[in-house]
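Quick notes on the structure that follows.
Bear in mind these aren't lab numbers, they're just calculated from the coordinates by the rules spelled out. Just so you know, these numbers come straight off a predicted model, no measurement behind them. When we count neighbours, we look across all protein chains shown, and the Cβ atoms used for this are built from the backbone with ideal geometry, even at glycine.
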Amino acid sequence: MASDYDPTEFVDSDFEAHKAPQSATTTTITTGAAQRAPTREEVDSKVVEAQQKLSELKRAQEELERERAALEETRRRQMEFQTGRQEMIRNLTRGLGLLEEAEFSARRDAEQMAKALADLRDALSKVEAIHEEVWSKDNFNVELTRALTAVENARMEWNAARLKFPVLSGENQKSGEPSAATVPEPPWSSHRSFLELCKFGLALTWPVAAAVLLLAAVLLAVLFRR
């Protein structure tokens, strides 16, 4: 029967003895290389690398600053748009309402003016159509009545138009400039009568006259007491 396998039979003890010190030496050299001071070339290389990284960071920062400025400008324009839009919507809505109301009033006034023009033309034609020279003795009273009726109707149309349109009464002057008919005549005007001037003078001098009379009464009283 075959004997059991013994792994130690194939191990060279001399080779293992030489291998162990060589591994220890390699480990020591590697540890020493890791702990040694960096050379100048290595430091310069790291400095250059750090500068490159700083340059890249600066470029990234500048790019972010430009992007931030662009975003702020976009936000400002958006706010300006929204504010302007709201302002114009408010102003245009108010303007449309005012103009529509003014247009309605103007159209109504124009319609009333057109109707008044038609009525005045009709009244004028009726008044101009009266020819009293053709009246006869037989129809005199009848024609006179018709003529008076036409004149009265024309007067009513004229008065109604004057009430609706102040321009017919000459009230188209500027505000603050009274017409000659409304300027009050001064009290000392030469057009006033002598009695009116006397009344005006008395109205101005009665306090002085009253004082003189009172003083005279006091003096007379003192004299009578003596």
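Tell me the label-point distance for the pair Arg66, Leu124, using the 7 Å Cα-to-Cβ offset, in nm and rounded to one decimal.
7.9
At a Förster distance of 35 Å, what's the computed FRET efficiency of Gln82 paired with Glu56, Cβ-Cβ distance as r, to 0.05?
So, using R0 = 35 Å, E works out to roughly 0.35.
Classify region 30-96 from the C-alpha gyration tensor, please: rounded if a/c falls under 1.5, else prolate or oblate depending on whether a/b exceeds b/c.
prolate
Kindly put Leu99, Leu168 in sequence by how many other C-beta atoms sit within 10 Å of each C-beta, fewest to most.
On the way: Leu99 11, Leu168 15.
Fewest to most other Cβ atoms nearby, the residues stand as Leu99, Leu168.
Between Arg108 and Asp138, what's the calculated FRET efficiency when r is the beta-carbon distance and R0 is 41 Å? Round to 0.05.
Taking R0 as 41 Å, the efficiency between Arg108 and Asp138 is 0.25.
Within a Cβ distance under 14 Å of Arg66, other residues only, what is the Lys/Arg minus Asp/Glu net charge?
-3
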